[in-house]
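Let me begin by presenting the structure, written as structure tokens, before commenting on it.
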Amino acid sequence: MNKTKIFTLLATATMLSSPVIAEDNYDIGGMVRANYAYVDYDDASQDKLGDMKFEVAAISFNGEKDDFGVSMEYRLRADFDAIKHGFAYYSPNESTTIRAGIAKVPFGNIGYISNSYWLSLQYYVGFEDDYDSGFSVQYDGDGYRTDVAFFKGAENSASLTNRFAADLYTGNINGTEYTAEESNQVNLRQSFFVDTFGIKSTIGASVEYGQMYDNATGNNDNRYAYAVHYDGTMDAWNVQAQYLKYQFDTATSDQNAVAMSVCGGAYEIASEASAVTVNVSRKLTSAWGDLKIYNDFNVLMPEQDDFDNSYQNVTGISVANGPLFAWFDFIVGKNMLWSSRSNHVGLQDAFGDWDKKVNINLGYYF
């Protein structure tokens with residue numbers, strides 16, 4: 001989508017929502033972020049002592065009138081632009097919210113299963129902060145929350161890489177042609193909220209079933225996933241844990257991999273694996289702002305005997321002060337996309353090394 005279409009879309013949304021604006025029940029915002037990275041396994045990065053670049057800018061709109069509302073966010077990078085989410089919603093009562101459009105997939109921990117800018121390993125295989133095209137129903141009961149959703153497909157074409165959530169990709173990677181795209185996905189997530197001995201906990205489980213349409217053969221293959229997740233807070237401490245198991249039934253039995261794309265890149269992941277994420281964080285206050293110190297640990301374990309585990313550990317601190325927000329991360333990765341020199345997740349490890357990276361992301365939100 002070019003820039004003229006972006007501003008036309010925003011102008012149209014503003015005109016259509018004029019009754020909302022008249023009641024001052026709307027919000028237009030956005031953010032701009034820059035990123036510094038020092039990569040220990042890249043000679044050019046070492047020679048230059050890292051690189052500082054513009055990362056992303058975004059514009060968002062949220063409006064509500066009576067029981068109806070709309071929410072959208074569009075992001076622009078130097079190399080591409082893409083929608084993150086855009087949906088209308090209806091709340092017939094205080095407990096129920098129905099969303100339709102490009103909406104967040106209810107799978108895994110409510111919110112995020114990570115603290116860092118880098119997100120968790122589970123994001124890169126499509127199971128954290130994912131947005132697809134369809135509808136969802138959220139019901140908030142007394143001490144629990146139920147989410148049910150159906151998604152017809154990903155937010156844009158499977159042949160594109162301009163997306164901010166990882167989805168199946170159709171194209172050639174390392175000489176292998178991948179032809180499957182996401183279709184007809186059903187999600188169910190159940191979460192319970194418990195407050196015991198001063199520990200506020202969210203305990204939940206998620207399941208996902210979907211099809212993979214093969215553009216080459218016209219066949220529909222299956223994909224499955226489930227997760228159990230926990231989020232607990234006591235005073236300033238927080239612990240998150242999640243176990244994920246997924247399986248993509250590929251038509252080619254000897255392939256054992258599927259293709260994904262996100263943030264302008266395409267890569268391969270093991271077609272069947274389990275993953276564990278364990279995070280610990282603590283909040284602090286200081287003259288610099290609100291701080292959070294954290295360590296996020298991730299491992300993905302493929303089912304295929306000739307594939308190797310992928311690891312990612314992020315130790316860092318985030319700082320929030322008014323409109324400013326920053327992450328300072330030290331990333332250690334092994335056989336992991338963008339955290340190491342391996343350009344995949346859960347395939348055979350060609351390097352066998354633990355790679356390191358320093359990443360600083362600075363953002364201004366308005």
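The values are calculated or read from the model by the stated rules, or taken from the named source; none is laboratory data. In this text, all values refer to a predicted model and were calculated from it rather than measured experimentally. Every residue, glycine as well, gets a Cβ built from its backbone with ideal geometry; the counts of neighbours run over all protein chains shown. To get the accessible areas, we keep the full protein, side chains included, count just its heavy atoms, and leave off ligands, DNA and RNA. Shrake-Rupley method; radii C 1.70, N 1.55, O 1.52, S 1.80 Å.
Things worth noting here:
- Of all the listed residues (246, 224), the sole one being modelled with pLDDT of 95 or more, within 17 Å of the chain's Cα centre (by Cα) and not aliphatic (A, V, I, L, M) is 246.
- When restricted to residues that are assigned to a strand (DSSP E or B), open to solvent by less than 50 Å² (accessible area, probe 1.4 Å) and touching a residue at least 40 places away in the same chain (Cβ under 8 Å), segment 224-238 contains 5.
- If you go through segment 255-300 and keep only what is part of a strand (DSSP E or B) and free of Cβ contacts under 8 Å to residues at least 40 places away in the same chain, you end up with 272, 274, 276, 278, 285, 286, 289, 290, 291, 293, 295, 297.
- Among the conditions (1) free of Cβ contacts under 8 Å to residues at least 40 places away in the same chain; (2) open to solvent by 20 Å² or more (accessible area, probe 1.4 Å); (3) assigned to a strand (DSSP E or B), the only one that residue 159 does not satisfy is (3).
- The one condition in (1) among the acidic types (Asp, Glu); (2) farther than 19 Å from residue 249 by Cβ; (3) part of a strand (DSSP E or B) that residue 208 fails to fulfil: (2)
- Filtered residues of segment 90-134 (kept if over 14 Å from the mean Cα position of the chain (by Cα) and either on the phi > 0 side of the Ramachandran plot or not in a loop (DSSP other than H, G, I, E, B) (or both)): 90, 91, 92, 93, 96, 97, 98, 99, 100, 101, 133, 134
Per-residue answers, yes or no, for (1) β-branched (Val, Ile, Thr); (2) open to solvent by less than 40 Å² (accessible area, probe 1.4 Å); (3) within 30 Å of residue 349 (Cα to Cα):
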site	(1), (2), (3)
176	yes, no, yes
182	no, yes, yes
195	no, no, no
213	no, no, yes
240	no, yes, yes
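- Within segment 185-213, residues that are under 15 Å from residue 230 (Cβ atoms) and among the hydroxyl-bearing types (Ser, Thr, Tyr) sit with their Cβ atoms under 8 Å from residues that are open to solvent by less than 60 Å² (accessible area, probe 1.4 Å) and part of a loop (DSSP other than H, G, I, E, B), at 6+ positions apart or across chains, in these pairs: 191/110; 202/109; 202/110; 206/106; 206/107; 206/108.
- Hits in segment 118-140 (condition: over 30 Å from residue 356 (Cβ atoms) and either touching a helix residue (DSSP H, G or I) at 6+ places or on another chain (Cβ under 9 Å) or surrounded by fewer than 24 Cβ atoms within 10 Å (Cβ to Cβ) (or both)): 131, 133, 134, 135, 136, 137, 138, 139, 140
To keep it simple, each residue is scored yes or no on (1) within 23 Å of residue 167 (Cβ to Cβ); (2) small (Gly, Ala, Ser); (3) open to solvent by less than 50 Å² (accessible area, probe 1.4 Å).
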position	(1), (2), (3)
279	no, no, yes
315	no, no, no
323	no, no, no
330	no, no, no
341	no, no, no
346	yes, yes, yes
351	no, no, no
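- So residue 304, is it in contact with a helix residue (DSSP H, G or I) (Cβ under 7 Å, 6 or more places away or on another chain), open to solvent by less than 50 Å² (accessible area, probe 1.4 Å) and either assigned to a strand (DSSP E or B) or over 26 Å from residue 52 (Cα atoms) (or both): no
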